[in-house]
Structure formats: C-alpha cells, structure tokens
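Below you'll find the structure, written out as structure tokens, and then a few comments.
The values are calculated or read from the model by the stated rules, or taken from the named source; none is laboratory data. A quick note: this is a predicted structure, and the numbers were derived from the prediction, not measured. Glycine gets a Cβ as well: all are built from the backbone with ideal geometry, and neighbour counts include every protein chain shown. Just so you know, the surface numbers come from the protein's heavy atoms only, side chains and all, with ligands and any DNA or RNA stripped out. Shrake-Rupley method; radii C 1.70, N 1.55, O 1.52, S 1.80 Å.
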Amino acid sequence: MRLERDGALAVVSLDRPDKRNAQTPATWRALSAIGAGLLADPEVRVVVLRGEGASFSAGLDRGMFGAGVDGEPGLVGLAALDDAELDVVIDGFQQAFAWWRDDRIVSIAAVQGHAVGAGFQLALGCDLRVLADDAQLSMKETTLGLVPDLGGTKPLVELVGYSRALEICATGRWVGAQEAAAIGLASLVVPSGELDAATRDLAAALLAAPAAAVRATKGLLRGAGGRSYDEQRAAERATQAGRLRDLAKGI
C-alpha cells in the first residue's frame, strides 16, 4: 500500500502488481488506517484509489481460500468462529471499504485491467469511477458459493438497479468498460494510457469548487435515496440556509 499527498489531493495505490493487487486482511487493515488518517485531516478533499501494474485488483488473494496468507486465517478458519466473533471480524474488513463514502471527501477509483470480487467492491466503495477502456469488472463471490460482503451490494443496486445487480452477482460475468459506462457503473471511460491523467483532471475539477459546498452537496445527494421528495426539499432548504449564512460572513 502506498499513500501520496499533493495538498488537498491524496492518492492511495494498491502496490502488489506481481499479485495483480490481490487483497488480504492485511490490505484491509492498511486501508482502514490510511482512511482514519485522511479523514482526520481537514485539508484532504479528494482521494484517488488506483492499482499498480496491469490490474486494479484481482480480488481476494487465492491463499485465503486455503490455510490463509502470512499468518492470516483462511476461509476455513473464519468459518470456525462463532457468529458473534465472525460478525466482528467481517465488520472490521468492511471498514476498509466504507470510509470512501464519507462526506468529508470525494473519492475516485481509477480502474484498469481486472477488478474482481473485493476489487470490484473497492471500486464501488468510491464515489466516482474512471475506467480504462480495458477494464473488466466481475463479482465472483456468488459463483464461489459466497456472497459479496464488503459493502458492495448497496452501491451496486443504487447504481444499476436490483435486477441488473442480481444478474451481475449471480452469474459472476464480466462487465466491460463500455457496458459499465452505459449502465452507470463508470463515470468516465478513457484509453488505458490516459487513465492517470484523466483521473487527475477530474480531481482538479472537484478541487476547483469550494470545499464546503462540495461536502454539503455530497451529503444531500447521498441522503436523497432515503428521503421522500418533500423531505429532500426540506434538506435542500436547511443545507442552503447554512451555506448562505457562511457565504454572508465573507461579504
């Protein structure tokens, strides 16, 4: 895992290119720690998530399907835990995927090559996704006898709807970059050689708007799905009142 800072922009890189950025619990602990540090820094406004090498992330490290990796218990070891213990463990894993949605930042996943299972869910955890034209997404968990459990099901349904989300998960099929753009999974598709530059351009555009207004807008939009139309109008009024008062202080 690598973290780079450029003022209000932070770039988090998955850095196991020899393993196609396959993930382990150690990956998730590192991501959670990075997230805690970035969210505690009021200067950070945009966080980019990317992967080194040919693939964004090939998903769960295959060693986890056996005895485990680097002292981490594999799936059999996890299955031996009682319900309460297993719930705590999986909740800990999920924290690595949840913080990208926090209203204090806007998160962008820059996805090339494969984003499989946990890799797909990590991209779904971000607010925006920029895909290289060679990107291939797949939710393989169900075809392996599992379910997606790293926070990806809610954003997937929000983006593409229940029926398509079910079809994508239950079949485990590949979703190419152009289809991803057509069904709302991708904010932008660019040639693979332009992925980093296009992501930087998007980050710069986000940073050009006033920070407080972006954060307030993100909060409004994220909460919209759980509100009625009248409740959303009320939320808009209350949020705008706060923005007007803050702006008036500078006049």
Student exercise, the chain dipole from Lys, Arg, Asp, Glu Cβ charges, in Debye to nearest 20: 780 debye
Suppose a student asked you for the relative contact order of the chain, using Cα pairs under 8 Å spaced at least 6 residues apart; what percent would you report? 16 percent
Quick one: net charge around Leu159, please, counting Lys, Arg +1 and Asp, Glu -1 for every other residue with C-beta under 14 Å from its C-beta. +1
Less than 13 Å Cβ to Cβ from Cys169, Lys/Arg counted +1 and Asp/Glu -1: what total charge do the surrounding residues give? +1
For the chain, find the longest principal axis of its Cα atoms and tell me its angle to the long axis of helix 162-171, 0 to 90°, nearest 10. 20 degrees
Using only helices, what value at 222 nm comes out for the chain when you add -39,500 (n - 2.57) per DSSP H run of length 4 or more and divide by the total residues, to the nearest 500 deg cm²/dmol? -14500 deg cm²/dmol
Starting from the Cα of Leu86, step 7 Å toward the Cβ, then list every residue of the stretch 125-155 with an amide N under 15 Å from that point. 145-150
Residues whose built amide H sits under 5 Å from the amide H of Val189, excluding neighbours closer than 5 in sequence, are Leu131
Nearest-20 debye value, the stretch 152-251 charge dipole, Cβ charges on Lys, Arg, Asp, Glu: 500 debye
Residue-normalised value, i.e. accessible area per residue, for the stretch 109-251 at 1.4 Å probe, in Å², stands at 50 Å²
Distribution output for the stretch 1-86: share of Cα-Cα pairs per 10 Å bin in percent, first bin at 0, values 17, 38, 29, 15, 1
Residue by residue, what Karplus-based ³J(HN,Hα) values in Hz, rounded to whole numbers, does the stretch 225-230 have, using 6.51, -1.76 and 1.60 with θ = phi - 60° and x for Gly and Pro? x, x, 10, 6, 4, 5
Accessible area per residue, 1.4 Å probe, Å², for the stretch 1-57: what's the number? 40 Å²
In the chain, carbon and sulfur make up what percent of the accessible area (probe 1.4 Å)? 57 percent
Using only the alpha carbons of the stretch 37-102, determine the length spanned along each of the three principal axes and report them from longest to shortest in whole angstroms. 43, 34, 18
